[in-house]
Amino acid sequence: MNQRFENDEEMLTRGLEALASEMKDLEAPEHVEVKLLEAFRARKVVPISTRRWTSQRYWLAAVAAVLLIAMSVVALRWRSAEKPAETFAGRREPETPKVVPPQEETTRPVEYQAVNQPSPRSYPKRIRHPRVPSSENPRVASTRPSEIATDFIPLRYMNVANLQEGGQIVRVEVPRSALANFGLPVNMDRYNERVKADVLYGVDGLAHAIRFVK
Amino acid sequence: MKSDLNDSELLRSMLAGDEEALTVLYRRRQGAVYRFALQMSGSKTVAEDVTQEVFLFLMRDGQVFDPAKGSVSAFLLGVARNYVLRRMRVEQQLMPLGDDVDDDVPVLHASNDLCPLEDLTRAETIESVRRAVLSLPSKYREVVVLCELQDISYGETAEILGCAIGTVRSRLHRARALLLAKLRPAAEAEDADSATVKSARCFA
């Protein structure tokens, strides 16, 4: 058994040696060398000095990129500092619902003037749509810079659609207790005092809505 | 004279743009690379392509060679190994070869010292060994090619393959066992054929 194994091993070794000796003189064909030399000439191997220049170019590109970014940041800041001034100057008054003739300054409802002063940072400009007043949510508004007023509250026999027809506003004084009729809070200590109110009369001569002014 | 320079110096000169250095280095090392690729793949076409790719790689990325890690020769064979394995993966030639005759089989020249019968026997032996080597799994084939056919030391083979010397030894041992297992049936069949002929002659 051992003898056979040794014979096999010997046979294998001889076979491998024979194969190696058969192939020991094999070489790549000539055309491979020709192609390689052509590739070498076409490629123009980059010398080390050029490689240094390449790395310098990378540095230059990096510096240029940093400068560009810095300039962009400065330009953006300069522009954002300039914008609010332009916006403030060019900003118009917010549009108001056209329920009052424009010639009556006292009756012109300028809503939210006190709370919506254009700030230097308010950008971009927002478009406001005319609001429909509701009795459930009487929001505070002002007719003049010194006055604060609620929205118009429709009277019981009127509906919201009638308020769109326009009309005339008359400033009146009503008892403070009238606030309670419209669901507004009443200070009981000043129960007997009067409070200013604007009554909106429609084209039909009837009172359509009321708002309270402070 | 460029031919007096060692491989590392030639490589450095080549990378600096010296064409003659490339020529000398190529002529010195292309044979080993080509034979390795041929013995690994069994295809002359693949061997030519791999040889070309290896030296193109050397021209392009030769600066990655580190003399501290090994010789230029080992480096080239390592690159060749990678290209061969990649090529074989692509061509799905990792399966053991069957009985189909490869049209790229290198021509084996008969020796002039032997008589025609011995010559034929030797050629058959070489062919069967070549087929057996090609049928080995690649990790065994490469150690057989490097250690047995290229006569490279275990240490250098370990450098080329990127493994320990012990791994090379164990793979070679296993590879030889596989080769014996593949070659034994053929030898037995040959013995049986000759016995049949003998008995037929006696019977006649």
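The values are calculated or read from the model by the stated rules, or taken from the named source; none is laboratory data. Predicted model only: the values in this text are computed from it and were never measured. Cβ coordinates were reconstructed from backbone atoms using ideal geometry, including for glycine residues, and neighbour counts include every protein chain displayed.
Of note:
- Number of the exception - B:ARG87 against (1) within 12 Å of another protein chain (Cβ to nearest Cβ); (2) assigned to a helix (DSSP H, G or I); (3) modelled with pLDDT under 90; (4) touching a helix residue (DSSP H, G or I) at 6+ places or on another chain (Cβ under 6 Å): (1)
- Test: B:LEU183 is within 14 Å of chain A (Cβ to nearest Cβ), among the hydrophobic types (A, V, I, L, M, F, W, C) and surrounded by fewer than 21 Cβ atoms within 10 Å (Cβ to Cβ): yes
- The residues of the stretch B:138-163 that are more than 19 Å from B:VAL72 (Cα to Cα) and small (Gly, Ala, Ser) amount to a single one, B:SER138.
- When each of B:GLY62, B:GLY70 is tested for being under 20 Å from B:VAL145 (Cα atoms), over 19 Å from the mean Cα position of the chain (by Cα) and either surrounded by fewer than 24 Cβ atoms within 10 Å (Cβ to Cβ) or away from chain A (no Cβ under 12 Å) (or both), the lone residue that passes is B:GLY70.
- Some residue of the stretch B:138-155 being more than 21 Å from A:LEU19 (Cα to Cα) and crowded, with 16+ Cβ neighbours inside 10 Å: no
- Figure legend. Inter-residue proximity from the stretch B:26-50: first residues without any contact (Cβ under 8 Å) to a residue 24 or more places away in the chain, second residues of a type outside the set (Ser, Thr, Tyr) and assigned to a helix (DSSP H, G or I), beta-carbon distance below 6 Å, spacing 6+ or different chains. Indicated pairs: B:TYR34/B:ALA47; B:ALA47/B:ALA37; B:ALA47/B:LEU38; B:GLU48/A:VAL32.
- None of A:GLU33, A:GLU9 is modelled with pLDDT of 90 or more and either within 30 Å of B:SER128 (Cβ to Cβ) or part of a helix (DSSP H, G or I) (or both) except A:GLU33.
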